[in-house]
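The values are calculated or read from the model by the stated rules, or taken from the named source; none is laboratory data. Model, not experiment: these values are computed from the prediction. Because the Cβ atoms are built from the backbone with ideal geometry, glycine has one as well, and the counts that use them run over all protein chains shown. Note: areas computed on protein heavy atoms with side chains; ligands, DNA, RNA excluded. Shrake-Rupley method; radii C 1.70, N 1.55, O 1.52, S 1.80 Å.
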Amino acid sequence: MSTENIRVRFAPSPTGFLHVGGLRTALYNVLFARKHGGSAVLRIEDTDRSRYVEGAVENLLSTLEWAGLRFDEGPEQGGASGPYVQSERSDLYRAHAEQLLAEGKAYRCFCSPDELAASRERQLAEKKDPTYDRRCRMLSEAEISEKRDAGLPFTVRMKVPLAGQLQFRDLVRGDITVHYDVIDDQVLLKSDGYPTYHLANVVDDHHMQISHVIRGEEWLPSTAKHMLLYEFFGWAPPQFAHLPLLLNQDRSKLSKRQGDVAVEDYREKGYLPEALINFVALLGWNPGDDREMFTLAELEKEFSLERVGKAGAVFDVEKLKWFNGQYLRALPAEDLVEICGPWMREAGFDTTDPARTRSVVSSLTNYLTLPSDITEHLGLFTGGPVHITGEEAQNLVADAPAQQVFTRFVELAAELEDWRGESIKAMIKAIQKDTGVKGKQLFMPLRLALTAEEHGPDLGMIAELLGRDETISRIRAQLR
RNA sequence: GCGCCCAUCGACUAGAGGCCUAGGUCGUCAGCCUUUCACGCUGAAAACACGGGUUCGAAUCCCGUUGGGCGCACCA
């Protein structure tokens, strides 16, 4: 593939939060740009005033930054093709609509939204395809002037050829053919003067010199309209690559109501950006071999559109969790402490002693998929009397061998020189020797006495973190 | 309804006519490791939607069927 002047864009509309599908689209765009030494442009598509959401742009930017995706041009960093917010480019779209009007490639439509809606319903009722009947396309000059003089609001529609077909090549799907007779006379300019997506994205992609349009498959059917517009304007179209959709468990387009779809949701739950990126990168793309763990930098080297699949991919949170656990466990201890800290404090755990906090986190690392999971295990190290529930467990602690172990434990623990995991374990070995109790009979009562749980991290570590006094007191509490 | 697109284990996927007794990963199950659990390790079950072609030979090419998705807004 030619590498000169590769320019791609990610063009979200700020209607709320960044969708994970959007994240993947942004990722693939950035990867493609980096791979080919090109530029990644971020463009805000906010031409729908009615869907404006306060703070959505800021949120979008901060989320992309969190994910580690950097753009070369955009509303924040600027660039030679700005402005990068469509609502600030209205004049440009209007001028181009005027040009099409002047050249007879578009026409004014005075039909009101209500009329159109009624017409649509009528057609649906008659089981016909809901298409615009093009009545305003036949308007005479006189009729047009009359309506304009009357101050009737109008939209600008593109004049789609009545017959024939159009073909274009998609980088992931190959040649695609669309017949003109199924394409509506698409509205290009709304009556409020703002452009529709179709006009704005073509005009902007051209003026921003976008070489490759990498976007979701939901745009595939309307790409024909875009190709036609390029033709109308006499511009060379960019290359298109339509990515397979991200799907719910039931294989419908990934949406809310069926789990989290906002990147922010995952961020708040404690997923690491590295894990999300790695996971989402593999939804529709693969390196061609068995590797699965990829950093952003590695992806930038490996990515290619040729290896993007065509079929939709189900967003499987289970695998995302696995990735997150992998990345969490690979983290340096200090980083993990930092990440888990807020969750621990929120759960009421005292993290003022750095060494102790670090030990607690380290002992629990293997139990974590999400950093918040740590709160479920903190009880092991917090004060208070231990309540052993369950008949079997209670019997185990009350049994003679256990009592022997406890007695000896208390004796030795009081004299143990340094209270560390290793030496505590050695001490337990000594207890085994002294009492003759071993294996499960030895360890389980101790574990129960200290934590009331049958499972958990290394006993020596737990005792160390509990501290000598607390450990002894808990064992004493079980003495009969 | 019409149009476009898609179709390999439950999920993500490898596979570009013989290398396929269909490979890897998540999940599931079993074993090992461990005082226990978790982590880790080893192994197992698990898929080419169906029907026709083409070919000496098809998961791979063609056609059809079925299934699924998306689109058909003065939303993007």
| remark: At 25 °C and 0.890 mPa s, the Stokes-Einstein diffusion coefficient in µm²/s for chain A, with hydrodynamic radius from the Kirkwood sum on alpha carbon pairs, is 90 µm²/s
| task | Over chain A, average the accessible area per residue using a 1.4 Å probe and give it in Å², no decimals. | result | 49 Å²
| message | In whole Hz and in residue order, list the ³J(HN,Hα) couplings for the range A:350-360 that follow from phi through the Karplus curve 6.51 cos²θ - 1.76 cosθ + 1.60, θ = phi - 60°; x for Gly and Pro. | response | 7, 10, 6, 9, x, 5, 5, 4, 5, 5, 4
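Kindly state, as a whole number, the per residue volume in cubic angstrom of the convex hull around the alpha carbon atoms of the range A:3-136. Could you put the intermediate results ahead of the total?
Working: hull volume 24.3 nm³, N = 134.
Here the figure is 181 Å³ per residue.
Please work out the Kirkwood hydrodynamic radius for the range A:391-476, using every pair of different C-alpha atoms, and report it in angstroms with one decimal place. Provide the component values of the computation, followed by the final result.
Working: mean 1/r = 0.0796 Å⁻¹.
Evaluated on the range A:391-476, it is 12.6 Å.
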| query | Modelled label-to-label distance, A:HIS179 and A:ARG148, 7 Å Cα→beta-carbon offset: nm? | reply | 3.6 nm
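Could you grab the relative contact order for the range A:283-429? Cα pairs under 8 Å, six or more apart, rounded to a whole percent. Present the calculation step by step, with values, prior to reporting the outcome.
On the way: 80 pairs, mean separation 24.7, N = 147.
Result for the range A:283-429 is 17 percent.
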| task | Among the listed pairs A:LYS269/A:LYS429; A:LYS128/A:LYS190; A:LYS225/A:LYS256; A:LYS253/A:LYS301; A:LYS253/A:LYS321; A:LYS319/A:LYS440, give every one whose C-alpha distance is greater than 32 Å. | result | A:LYS269/A:LYS429; A:LYS319/A:LYS440
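Only bridges with both residues in chain A count here: give the DSSP antiparallel percent, nearest 5. Present the calculation step by step, with values, prior to reporting the outcome.
Numbers: 17 of 32 bridges.
The answer is about 55 percent antiparallel.
Expressed in nm², what is the orientationally averaged projection area of the convex hull enclosing the Cα positions of the range A:152-261? Walk me through the numbers on the way to the answer.
Values: hull surface 37.1 nm².
Directional mean of the projected Cα hull area for the range A:152-261 stands at 9.3 nm².
Report the charge-dipole magnitude of the range A:332-374 in Debye, nearest 20, computed about the Cα centre from +1 at each Lys and Arg Cβ and -1 at each Asp and Glu Cβ. Provide the component values of the computation, followed by the final result.
Working: 3 positive and 7 negative charges, 21 e Å.
In debye, rounded to 20, the range A:332-374 gives about 100.
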| field | Estimated dipole of chain A in Debye, rounded to 20 [Cβ of Lys and Arg +1, of Asp and Glu -1, Cα centre] | value | 800 debye
| query | For the range A:332-374, what log10 I(q)/I(0) values come out of the Debye formula at q = 0.19, 0.27, 0.28, 0.33 1/Å, with one point per alpha carbon and no solvent? | reply | -0.46, -0.97, -1.05, -1.42
| request: Quote the relative contact order of chain A in percent (integer), defining contacts as alpha-carbon pairs under 8 Å separated by 6+ residues. | output: 13 percent
| note | Rounded to whole angstrom, the alpha-carbon centroid of the range A:140-169 lies from that of the range A:398-449 at a distance of 89 Å
| Long-range amide H partners of A:VAL308 with built H, under 5 Å | none
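Where the accessible area of chain A is counted over protein heavy atoms with a 1.4 Å probe, how much of it, in %, is carbon and sulfur? Intermediate values should be presented prior to the final figure.
Numbers: 11410 of 23530 Å².
About 48 percent, which is the carbon plus sulfur part of the accessible surface.
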| message | Using the Cα centre of chain A as origin and beta-carbon charges of +1 (Lys, Arg) and -1 (Asp, Glu), tell me which of A:LEU479, A:SER140, A:GLN99 is placed farthest towards the positive end of the dipole. | response | A:SER140
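What's the magnitude of the charge dipole for the range A:89-243 around its Cα centre, counting Lys and Arg as +1 and Asp and Glu as -1 at the beta-carbon? Answer in Debye, nearest 20.
On the way: 20 positive and 24 negative charges, 15 e Å.
Once rounded to the nearest 20, the dipole reads 80 debye.
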| said: As an exercise, take the mean of 1/r over every pair of distinct alpha carbons in the range A:89-243, invert it, and state the Kirkwood radius in angstroms. | reply: 16.6 Å
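Looking at the P(r) of the range A:72-150, how many percent of alpha-carbon pairs lie beyond 15 Å? Can you show the working numbers first?
Details: 2211 of 3081 pairs.
Result: 72 percent of Cα pairs exceed 15 Å.
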